[in-house]
Amino acid sequence: MALHVPKAPGFAQMLKDGAKHYSGLEEAIFRNIQACKELAQTTRTAYGPNGMNKMVINHLEKLFVTNDAATILRELEVQHPAAKMIVMASHMQEQEVGDGTNFVLVFAGALLELAEELLRMGLSVSEVIEGYELACRKALDLLPDCVCSSAKNLRDLDEATAMIRTAVMSKQYGNEDFLANLIAQACVSIFPESGNFNVDNVRVCKILGCGLNSSSVLHGMVFKKETEGDLTSVKDAKIAVFSCPFDCMVTETKGTVLIKNAEELMNFSKGEEDMMEAQVKAIAESGANVVVTGGKVADMALHYANKYQLMVVRLNSKWDLRRLCKTVGATALPRLTSPTPEEMGRCDSVYLTEVGDTQVVVFKHEKEDGAISTLVIRGSTDNLMDDIERAIDDGVNTFKVLVRDKRLLPGAGATEIELAKQITSYGESCPGLEQYAIKKFAEALEAVPRALAENSGVKGNELISKLYASHHEGNKNMGFDIEGEGAALKDMMDAHIFDPYLVKHWGIKLATNAAVTVLRVDQIIMAKPAGGPKAPQGKPGWDEED
């Protein structure tokens, strides 16, 4: 009989072998805070226009060179459960407003770092949490008083450019004016009268070669495809869209045909040809002059399409097909039948053109209020164009946020210092122990201008003392001047550096929630991972089985 070995008494004896268990301040809370601090430290150096890039190679060995926090976190696949909570908060920020992910990380990291100091001083976790929640509520109440201006008319190109510029600047410092203008053109051209702006209606097409300044905006859609037939351009196009292959229909069941002589063989193939011709002729007679198909194009069908002067374009992606239908107002037909006038789409011209040495098909709307506009991005490398695409994504999301709420806050750390100043004085008026946590919340807000300063090579303490001095004199729009010499300040109204109100509002809310959630954890219990023993790694000297 096997000898029964008793387990050590305590929590471990309830759990299966292989389970891990941590509890208490040292083991659970400080460990979690440490992991979140490390994560925040990673992305903190990527904050602001002078932020450094990260080189991330994901599990598929794809290379990313970017300073966009959302992309870095998505590709890192963070495993630590507490750090995952901060990552989730930043993903939520990405979904809610599309920008400010790094702000959430930097701020949540600073809150946790300062919470650790309070806990080591002897405050209890509940007092810290209570203080943080009070301070967060106060910050969100004070935020509307910091509003410095609002977007008056988003249909005005110059005004839209000025609003988008700040968001693009943090990703593509130096190219922000050119890119903001392009994005504003694309957004304004598709901004509907109803005011419901859809981010998906601004498409990006990346084509290698040339430089960024050769990029342009097209009203309509651009596909990196060649046309299938001989026709390469059609004016005043009527478009038939098929989600099936452009080929003769195959029967559902298999059949055997017995052919006895050459004449029957000729008639058999002739019948197939006649049927194909009849189908293509019917499409041509319905008035369509462009055929877009979602599947393969048969040689015979192509021959008849050329005969009846039909331009054929093949799109492999069903998403592209859907977007095209939406742009031109067509209905995708599931089988080769002649389309009715209602099912056909219309656009002013469809043509094949060459951008650099890449063939592209353009579906162009001459009227400005096309349902979709495309930014054709040029660049020297794929990584560079990917980064520009991320900057465009932020710019378009900023436009969408401003459609929802037109209020703007001063950028470059001005809002954070103003909030920190007022929350500190609020903390001094609180009688309980939570006043320490409220003051630390204000100190955590300083992490944002400090990160901007340190990434620009300026002493953080010097800048923050100058900002406080300026804000105590009543200049609440003064922020860090990145282009100045040393710790220079500038009025953000004159510099036109604004942050949308909703980005800050959600950022403060989500970062505080994430930090409080991490602090509430006092025990970590990890079950034994599922799955059997690991397969032996290749051992030297072992024969490989065939």
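Write out, first by first residue and then by second, each pair whose Cβ atoms fall under 9 Å of each other, whose residues are 6+ apart or on separate chains, and whose first residue, in the range 470-491, is over 20 Å from SER149 (Cα atoms) and touching a residue at least 24 places away in the same chain (Cβ under 8 Å) while the second is charged (D, E, K, R) and surrounded by 13 or more Cβ atoms within 10 Å (Cβ to Cβ).
HIS472/LYS421; ILE482/LYS490; GLY486/LYS459; ALA487/LYS459; ALA487/LYS466; ALA487/ASP481
How about the range 439-479: which of its residues are closer than 30 Å to LEU123 by Cα, of a type outside the set (Lys, Arg) and touching a Gly at 6+ places or on another chain (Cβ under 6 Å)?
VAL448, PRO449 - these are the residues of the range 439-479 that are closer than 30 Å to LEU123 by Cα, of a type outside the set (Lys, Arg) and touching a Gly at 6+ places or on another chain (Cβ under 6 Å).
Identify, please: which residue in the range 228-258 is aliphatic (A, V, I, L, M) and open to solvent by 70 Å² or more (accessible area, probe 1.4 Å) and is, among those, farthest from PRO339 (Cα to Cα)?
LEU258
Confirm whether GLU418 is charged (D, E, K, R) and in contact with a Lys or Arg (Cβ under 6 Å, 6 or more places away or on another chain).
Answer is yes for this residue.
Determine, yes or no, whether ASP543 is surrounded by fewer than 18 Cβ atoms within 10 Å (Cβ to Cβ) and at pLDDT 75 or above.
No.
Residues in the range 112-128: is at least one buried (at least 18 other Cβ atoms within 10 Å of the Cβ), of a type outside the set (A, V, I, L, M) and under 29 Å from MET492 (Cα atoms)?
The answer is no, given that none of the residues of the range 112-128 is buried (at least 18 other Cβ atoms within 10 Å of the Cβ), of a type outside the set (A, V, I, L, M) and under 29 Å from MET492 (Cα atoms).
Is there a residue being loosely packed, with under 11 Cβ neighbours inside 10 Å and part of a loop (DSSP other than H, G, I, E, B) anywhere in the range 259-266?
Yes, because at least one residue in the range 259-266 is loosely packed, with under 11 Cβ neighbours inside 10 Å and part of a loop (DSSP other than H, G, I, E, B).
Being touching a Pro at 6+ places or on another chain (Cβ under 9 Å) and assigned to a loop (DSSP other than H, G, I, E, B) is the filter; apply it to the range 267-289 and report the residue that is least open to solvent (accessible area, probe 1.4 Å).
ALA288
Enumerate the helices (runs of 4 or more DSSP H) found wholly within the range 430-498, keeping only those where 1 or more residues are more than 27 Å from the chain's Cα centre (by Cα).
Output list reads 434-445, 460-472, 492-495.
Given the conditions (1) open to solvent by 60 Å² or more (accessible area, probe 1.4 Å); (2) closer than 21 Å to LEU231 by Cα, which single one is not true for LEU384?
Of (1) open to solvent by 60 Å² or more (accessible area, probe 1.4 Å); (2) closer than 21 Å to LEU231 by Cα, only one is false for LEU384: (2).
Restricting attention to the range 48-63, which residues are open to solvent by less than 40 Å² (accessible area, probe 1.4 Å) and touching a residue at least 40 places away in the same chain (Cβ under 8 Å)?
GLY48, PRO49, GLY51
Could you look through the range 18-66, keep only residues that are closer than 30 Å to GLY174 by Cα and among the aromatic types (Phe, Trp, Tyr), and pick out the one that is farthest from the chain's Cα centre (by Cα)?
Here the residue is TYR47.
Condition check ((1) closer than 30 Å to LEU321 by Cα; (2) in contact with a helix residue (DSSP H, G or I) (Cβ under 6 Å, 6 or more places away or on another chain); (3) open to solvent by 10 Å² or more (accessible area, probe 1.4 Å)) across all residues:
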| site | (1), (2), (3) |
| --- | --- |
| GLY131 | no, yes, no |
| CYS136 | no, yes, yes |
| LEU140 | no, no, yes |
| SER216 | yes, no, yes |
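Is it true that ALA89 is open to solvent by less than 30 Å² (accessible area, probe 1.4 Å) and within 21 Å of VAL521 (Cα to Cα)?
yes
Go through the range 149-161 and report how many residues are in contact (Cβ under 8 Å) with a residue 60 or more places away in the chain and surrounded by fewer than 19 Cβ atoms within 10 Å (Cβ to Cβ).
The number of residues fulfilling the criteria is 3.
The values are calculated or read from the model by the stated rules, or taken from the named source; none is laboratory data. Keep in mind the model is a prediction, meaning the values are calculated, not measured. Glycine gets a Cβ as well: all are built from the backbone with ideal geometry, and neighbour counts include every protein chain shown. Note: accessible area is taken over every heavy atom of the protein model, side chains too, but ligands, DNA and RNA are not part of it. Shrake-Rupley method; radii C 1.70, N 1.55, O 1.52, S 1.80 Å.
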